[in-house]
Amino acid sequence: MPSNPVAETVASLLPRAKAELTELVAFKSVADFTQFPKSESDAAAAWIADALRAEGFTDVALLDTPDGTQSVYGFLPGPEGAKTVLLYAHYDVQPPLDEAGWATPPFELTERDGRWYGRGTADCKGGFIMHLLALRALKANGGVPVSVKVIVEGSEEQGTGGLERYAEQHPELLAADTIVIGDAGNFRVGLPTVTTTLRGMTLVRVRIDTLAGNLHSGQFGGAAPDALAALIRVLDSLRAEDGSTTVDGLDATAEWDGLEYTEEQFRADARVLDGVGLIGGGSVADRIWARPAVTVLGIDCPPVVGATPSVQSSARALVSLRVPPGVDAAEATKLLQAHIEAHTPWGARVGIEQIGQGQAFRADTSSPAYQAMADAMAVAYPGETMQYAGQGGSIPLCNTLAGLYPQAEILLIGLSEPEAQIHAVNESVSPEELERLSVAEALFLRNYAAG
Ligand SMILES: [Zn+2]
């Protein structure tokens, strides 16, 4: 990195950041209190509150959210009349999963091959440390030129919506001109990326009934309506010959206009077996970021072991539909239901139950905040241009904030690049990414205040 006072300060603060992240990673703050003691989450929340107080934040508070977890809030007043920026992270983490699969203990930050390993190092305890580093670097170089609100959620990984509900009940609390969600990641290490869209999702359970009970397949097979066969037909009707998703009436032709994702790269990332083709039409980015994608998550039918020669009287499936930005999730759900009903063969009885739904998100990339971030990224990542990527998953809080504060600009950045292996065993963070993104965030706040 070229000499830049902010960058020099961040570099000098990195050893302290590592020590702090080590402390934070040591809390087993999984917000599933049937499996992990709540005291671990409470201790992590208290640690964050202390860190904010030490940085001069006022109004630091532990917010009791409706799902029984706590979010940590703090406010750092800026100069008179300054804009307000909300910085988001979460301190809860995914469970370690298979502990034996970790090369080093999941809750002990361990340096190996230039990366820091441990649950939450990237997702998203490192994201909070990134916010701290950015603010400290500005303080050491003329001050923080905006008012800053920080919110650190305690149950993001559980999807229980505690902070979303709390924010809806206290709409003034998180109001800001710009929101930086520190829970995304660069497309590659070293390639500065802002995530500009998230797909939404709808989840339905399909049940098909055809007979009063199972029948002998020798005696009745061939004429008896087979519920499992009917279900397979319905599920297959959701795909075209090339494997692309086809839900009657749902547009599947949108194109991605940001970063390109080569097939070769995608095959490597997805670990596709040699000789097996990708599915869908259009570019890879079109398919995973701009178009709908149906996935059958489960089927209830007899397992192979112990199966009897029977025609099945009923069968069930759990079907997920990823909803692209620009499409209303409720509308997509209706289309999916109508499609399943229309494609159920032989007059079989079909029941559809909606299990969950979340809206897609699209940021306004023409806003001043995006320009401020692009300029900041260009300094933090010399020679690179900021890229726009999508994300196939959803962050429901994004929609809540976008709904509450329609004027606010929302930027998603973070440490979860592909090598970070978030949610898997051996999660890690790249210290260089932490350094560069902290510089970028600091310079972003400065550019944005000046803009
Ligand atoms: Zn996360």
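The values are calculated or read from the model by the stated rules, or taken from the named source; none is laboratory data. Predicted model, so just to flag it, every value in this text is computed and none were measured. A quick note on method: Cβ atoms are made from the backbone with ideal geometry, for glycine too, and the neighbour counts reach across all protein chains shown.
Taking the condition of being crowded, with 17+ Cβ neighbours inside 10 Å and within 16 Å of the ligand (Cβ to nearest atom), how many residues in the stretch 403-418 meet it?
Result for the stretch 403-418: 8.
Any residue that is in contact (Cβ under 8 Å) with a residue 24 or more places away in the chain, in the same structural domain as L174 (by TED's automatic domain parsing) and loosely packed, with under 15 Cβ neighbours inside 10 Å - is there at least one of those in the stretch 78-93?
yes
Can you tell me which condition T196 does not meet? The list is (1) under 30 Å from A285 (Cα atoms); (2) surrounded by fewer than 16 Cβ atoms within 10 Å (Cβ to Cβ), and all the others hold.
Just one mismatch for T196, condition (2).
From the list V305, V350, which one is free of Cβ contacts under 8 Å to residues at least 40 places away in the same chain and farther than 24 Å from R199 by Cα?
Values: V350 fails: free of Cβ contacts under 8 Å to residues at least 40 places away in the same chain.
Within the list V305, V350, the selection yields V305.
The conditions are (1) of a type outside the set (S, T, N, Q); (2) within 26 Å of G101 (Cα to Cα); (3) more than 13 Å from the ligand (Cβ to nearest atom), and R136 fails exactly one of them. Which is it?
(2)
How about the stretch 333-443: which strands (runs of 3 or more DSSP E) wholly inside it have at least 1 residues that are of a type in the set (S, T, N, Q)?
By residue number, 349-358, 387-391.
Can you confirm whether T22 is more than 24 Å from the chain's Cα centre (by Cα), closer than 30 Å to M377 by Cβ and at pLDDT 95 or above? Don't jump to the end; show me each part of the working.
Details: more than 24 Å from the chain's Cα centre (by Cα): no; closer than 30 Å to M377 by Cβ: yes; at pLDDT 95 or above: yes.
Criteria not met by T22.
Residues being under 23 Å from N186 (Cβ atoms), exposed (fewer than 15 other Cβ atoms within 10 Å of the Cβ) and acidic (D, E): count how many of those fall in the stretch 258-306.
4
Count, please, the residues in the stretch 422-433 that happen to be surrounded by fewer than 16 Cβ atoms within 10 Å (Cβ to Cβ) and within 16 Å of the ligand (Cβ to nearest atom).
Of the residues in the stretch 422-433, 2 are surrounded by fewer than 16 Cβ atoms within 10 Å (Cβ to Cβ) and within 16 Å of the ligand (Cβ to nearest atom).
Here is a list of conditions, (1) away from the ligand (no atom under 16 Å from the Cβ); (2) modelled with pLDDT of 95 or more; (3) over 22 Å from D257 (Cβ atoms); (4) among the polar types (S, T, N, Q), and Q357 meets all of them except one; can you say which number that is?
Just one mismatch for Q357, condition (2).
Can you work out which of the residues in the stretch 384-402 that are under 25 Å from S283 (Cβ atoms) and of a type in the set (G, A, S) is nearest to the ligand (Cβ to nearest atom)?
Here the residue is G393.
Take the conditions farther than 17 Å from S430 by Cα, more than 16 Å from the ligand (Cβ to nearest atom) and in contact with a Pro (Cβ under 8 Å, 6 or more places away or on another chain) and apply them to P145. Does it pass?
In short, yes.
Based on this model, can you work out whether A122 counts as in a loop (DSSP other than H, G, I, E, B), modelled with pLDDT of 95 or more, within 14 Å of the ligand (Cβ to nearest atom) and in contact with a strand residue (DSSP E or B) (Cβ under 6 Å, 6 or more places away or on another chain)?
Criteria met by A122.
What pairs come up if the first residue lies in the stretch 276-296 and is without any contact (Cβ under 8 Å) to a residue 12 or more places away in the chain, the second is not hydrophobic (A, V, I, L, M, F, W, C), and their beta carbons are under 6 Å apart, counting only those six or more places apart or on different chains?
none
Exactly one of (1) touching a residue at least 40 places away in the same chain (Cβ under 8 Å); (2) in contact with a Gly (Cβ under 8 Å, 6 or more places away or on another chain); (3) not β-branched (V, I, T) is unmet by A103. Its number?
All conditions pass for A103, except number (2).
Given the criteria within 16 Å of the ligand (Cβ to nearest atom) and either more than 24 Å from A54 (Cβ to Cβ) or under 21 Å from the mean Cα position of the chain (by Cα) (or both), does H131 qualify? Talk me through it step by step, then tell me what you get.
On the way: within 16 Å of the ligand (Cβ to nearest atom): yes; either more than 24 Å from A54 (Cβ to Cβ) or under 21 Å from the mean Cα position of the chain (by Cα) (or both): yes.
In short, yes.
Residues checked against (1) closer than 25 Å to E435 by Cβ; (2) over 23 Å from the mean Cα position of the chain (by Cα); (3) within 16 Å of the ligand (Cβ to nearest atom); (4) free of Cβ contacts under 8 Å to residues at least 60 places away in the same chain:
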{"residue": "R115", "(1), (2), (3), (4)": "yes, no, no, no"}
{"residue": "G118", "(1), (2), (3), (4)": "yes, no, yes, no"}
{"residue": "Q158", "(1), (2), (3), (4)": "no, no, yes, no"}
{"residue": "G161", "(1), (2), (3), (4)": "no, no, yes, no"}
{"residue": "E172", "(1), (2), (3), (4)": "no, yes, no, yes"}
